[in-house]
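Structure, as structure tokens:
Taken together, the values in this text are just the output of simple stated rules run on the coordinates, not laboratory data. Not measured: the values here are computed from a predicted model. Virtual Cβ from ideal backbone geometry, glycine too; neighbours counted across all protein chains shown.
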Amino acid sequence: MGYPKTSREDNERWKIRFHSTLDRWLDDIEVQSQGEEQVDLGLEDLEEKFSENILDAVEEHHQKNNSESAPLLPDVKPRLRRRAQKSSVLNPEPEGPGILQVEALEAPEPEESFWVRAWRSFMGMLQRLKQRWQAVLAWVREKVAAGWQALCSVAQSINSVLESFCSYMAGLFRYHIQV
């Protein structure tokens, strides 16, 4: 059984939403290009907006493709949101393929322009965001695996009861046939 793919229209809509979020952030820092602390505050806000956009996309995709066959339990949404919050990933370590390699954000070089520092900060934010969502994905996989394991256990129990019942009925029929 495969997983439903997102439609091209959904992908384009979410791409536009992410781009417009990024464009607003760039417009804001261009206006305030004199202060690094404003960039850092803006990046925190941008990171949270990106996370919200991702959560919205996950929920919309689930509702569109799985709501009847596998409804998202009411307690799962807030737990997923808590996992996706910035504080949920403490001291993330880059690992695995595809991690953005970004230089440590040290004190800026005197000759480094505001935009280079903003770019480095932005790339660091993307790395944190990616690591956070990798941790969320690992948590979801763990929960799904536990759910499937519990479901398999229930199915095995039911199968065992059914086999026992069938065996009993076969013996009962054999007895009545022999009499």
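How high is the FRET efficiency between L126 and A155 when r is their beta carbon distance and R₀ equals 30 Å, given to the nearest 0.05?
Values: r = 42 Å, r/R0 = 1.40.
Efficiency for this residue pair is about 0.10.
For a paramagnetic label modelled on H61 (point 7 Å from Cα along Cα→Cβ), amide N atoms under 17 Å away belong, within region 7-28, to 7-19. One chain, two ends: L41 and E163. Fully extended at 0.36 nm per residue, the span grows by 37.6 nm beyond their Cα-Cα distance.
Please compute the net charge surrounding E59, taking Lys and Arg as +1 and Asp and Glu as -1 over other residues with Cβ under 10 Å from its Cβ. Please report the intermediate quantities before stating the final value.
Numbers: positive: K64, K77, R81; negative: D56, E60.
Summing Lys/Arg as +1 and Asp/Glu as -1 gives +1.
Each Lys or Arg adds one and each Asp or Glu subtracts one; over the other residues with Cβ under 12 Å from the Cβ of T21, this totals -4. Extension gain, E48 to L26: 0.36 nm times the residue separation minus the Cα-Cα distance gives 6.4 nm.
Subtracting the Cα-Cα distance from 0.36 nm times the residue separation, let me have the gained length for I177 to S7 in nm, one decimal. Don't jump to the answer; show the numbers that get you there.
Working: separation 170, 0.36 × 170 = 61.20 nm, distance 6.05 nm.
Using 0.36 nm per residue and subtracting the Cα-Cα distance, I get 55.1 nm.
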